[in-house]
Amino acid sequence: MRYLTDRKRAVGKGASGSGTEHFWWMTMSSVALAFLVPVFIFTFGSAIGGTQEEVVAHFARPFPAILTGLVTLVGMRHFAKGAQVMLEDYTAGSLRKGLVIFVYSLSYMITAIVLYALGKMVFIDTAAQMLNQ
Amino acid sequence: MAETKRVERPLSPFMIGPYYRPQMTSMSSILTRITGNALIAGFFLGAWWLIAAVSSPGYFAVVDWIVTSWIGWLFFTAMLWSIWYHYLTGLRHLLWDTGKGLEIETAEKLGWGALIGATGLTLVSLIILWII
């Protein structure tokens, strides 16, 4: 028996168990992405079509590297939490849990891959510049 | 003090089709969800392309061929439209959060605005990307 009144147990939680936290997080990240995405479209898009060296040099620069990292970090969390809501609408039980875990894993995986690629690009570009000196 | 009892909560019924005819409000809403979730495919190919760029030249050539081929172009153009559509309907959600624009007539206009706006922004983006 828990020494909590019914009211105390219910306050601020709702059906989600976390109140409006999820909704508020999506609102905040959407505002962040509203600023990031238009710039990212052109930063990313303009790199397509270059040679391997050009692509590496493009993303090794501070602005494209930081922007791509930010869009991936915020965007993939925004995706995971958004896809979770969709899964919660259409699936139930163990299937829902499994799919939410899959979506969370996939977005963390993509984040890690992009951050690794960006880090290595900076490293390759720095090494190339040192060799040229 | 009542014991906590697990409630078997029902899923919300899927209303479009059997109960409601498709309308601008419902269609523009579901398209927000579809485009948002579809964008993972764009990020997947984008991340694959970036990781390929720091791999061997042979490996990069394979992924870069997919990205720069007409299939890749078509794919990224679809992603571009999706991101702009999701962007505009996202702004619509932020507007709705303030309690404004919820009248059916306004909501329908905003739906058309998102469809036409996304198409326009996609074309403008493609032209700018072609120039730079």
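The values are calculated or read from the model by the stated rules, or taken from the named source; none is laboratory data. What you see is a predicted model; the values in this text were computed from it and never measured. Every residue, glycine among them, receives a Cβ derived from its backbone with ideal geometry; neighbour counts consider all protein chains shown. Surface areas here come from the heavy atoms of the whole protein model, side chains and all, with no ligands, DNA or RNA. Shrake-Rupley method; radii C 1.70, N 1.55, O 1.52, S 1.80 Å.
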Q) Helix B:24-53: angle to the longest alpha-carbon principal axis of chain B, degrees 0 to 90, nearest 10? A) 30 degrees
Q: Could you check the simple spin-label distance between B:I71 and A:T51, using points 7 Å along Cα→Cβ, in nm with one decimal?
A: 2.6 nm
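When N is the residue count of chain B, what does its C-alpha Rg come to as a fraction of 2.2 N^0.38 Å? Spell out each step's value before the answer.
Working: Rg = 20.5 Å, N = 132, 2.2 N^0.38 = 14.1 Å.
Dividing the Cα radius of gyration by 2.2 N^0.38 Å gives 1.45.
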Q) Given the options A:M86, A:M26, A:M121, which has the most mean-square fluctuation in a GNM of chain A, springs set between C-alpha atoms less than 10 angstrom apart? A) A:M86
Q | Nearby lysines by direct alpha-carbon distance to A:K120 (threshold 23 angstrom, same-chain neighbours under 8 apart not counted) | A | none
Q) What list of ³J(HN,Hα) values in whole Hz, one per residue of the stretch B:84-91 in order, does the Karplus curve 6.51 cos²θ - 1.76 cosθ + 1.60 (θ = phi - 60°) give from phi, with Gly and Pro shown as x? A) 5, 5, 4, 4, 5, 6, x, 4
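At a 1.4 Å probe, what is the % contribution of carbon and sulfur to the accessible area of the stretch A:1-43? Provide the component values of the computation, followed by the final result.
Working: 2070 of 3100 Å².
C and S fraction of accessible area: 67 percent.
Using a Förster distance of 25 angstrom, determine the FRET efficiency expected from the C-beta separation of B:S12 and B:F44, and round it to 0.05.
Step by step, r from the Cβ atoms, then E = 0.30.
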Q | Backbone N under 11 Å from the B:A78 label point (7 Å along Cα→Cβ), restricted to the stretch B:38-64 | A | B:38-39, B:41-42
Q) Any residues in the stretch B:21-60 that have 30 Å² or more less accessible area with all protein chains than in their chain alone, probe 1.4 Å, and which are they? A) B:R33, B:N37, B:I40, B:F43, B:F44, B:A47, B:W49, B:L50, B:I51, B:A53, B:V54, B:F60
Q | Under Karplus coefficients 6.51, -1.76 and 1.60, residue-wise ³J(HN,Hα) of the stretch B:98-107 in Hz, glycine/proline x | A | 7, x, 9, x, 8, 5, 3, 4, 5, 4
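Please compute the average number of Cβ atoms from other chains found within 10 Å of each residue's Cβ in peptide B:88-99. Present the calculation step by step, with values, prior to reporting the outcome.
On the way: counts 0, 0, 8, 3, 0, 3, 4, 0, 0, 3, 0, 0.
Counting Cβ atoms of other protein chains within 10 Å of each residue's Cβ and averaging gives 2.
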Q: Would you mind checking the tilt of helix A:93-132 against the longest principal axis of the Cα atoms of chain A, expressed as 0 to 90 degrees and rounded to 10?
A: 20 degrees
Q) Which one of A:F123, A:G93, A:G12 is farthest out on the positive end of the charge dipole of chain A, using unit charges on Cβ (Lys, Arg +1; Asp, Glu -1) and the Cα centre as origin? A) A:G12
Q: Might you report the magnitude of the Cβ-based charge dipole of chain A about its Cα centre, with Lys and Arg at +1 and Asp and Glu at -1, to the nearest 20 debye?
A: 820 debye
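Using a 10 Å cut-off on Cβ atoms, rank the peptides B:115-121, B:44-50, A:87-93 from the highest mean neighbour count down.
Values: B:115-121: 15.9, B:44-50: 19.7, A:87-93: 13.7.
The packing order, highest mean first, is B:44-50, B:115-121, A:87-93.
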Q: Please tell me the relative contact order of chain A in percent, rounded to the nearest whole number, where contacts are Cα pairs under 8 Å and at least six residues apart.
A: 28 percent
Q | C-alpha center-to-center spacing [the stretch A:77-133, the stretch B:1-46] in angstrom | A | 23 Å
Q: For the stretch A:37-58 and the stretch B:68-132, compute the distance between their C-alpha centroids and round to whole Å.
A: 21 Å
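Grab the DSSP H runs of chain B that are 4 residues or longer, score each as -39,500 (n - 2.57), total them, divide by all residues and round the 222 nm result to the nearest 500 deg cm²/dmol. Can you show the working numbers first?
On the way: 4 runs with 98 residues, N = 132.
For chain B, the value works out to -26000 deg cm²/dmol.
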Q | Cα-based helix-to-principal-axis angle, A:21-45 vs chain A, degrees rounded to 10 | A | 20 degrees
Q. Which distance in nm do the two modelled labels at B:W112 and A:L131 give, with both placed 7 Å along the Cα-to-Cβ direction?
A. 5.9 nm
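Going through the cross-link list A:K97/B:K5; A:K13/B:K109; A:K13/B:K5; A:K8/A:K81, which pairs have a Cα-Cα distance over 26 Å in this structure? Numbers along the way, then the final one.
Working: A:K97/B:K5 20 Å; A:K13/B:K109 35 Å; A:K13/B:K5 16 Å; A:K8/A:K81 28 Å.
A:K13/B:K109; A:K8/A:K81, as the Cα separations exceed 26 Å there.
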Q. Per-residue HN-Hα couplings for the stretch A:68-82, Karplus 6.51 cos²θ - 1.76 cosθ + 1.60 at θ = phi - 60°, whole Hz, x for Gly and Pro?
A. 4, x, 5, 4, 5, 4, 6, x, 6, 5, 4, 5, 4, 6, x
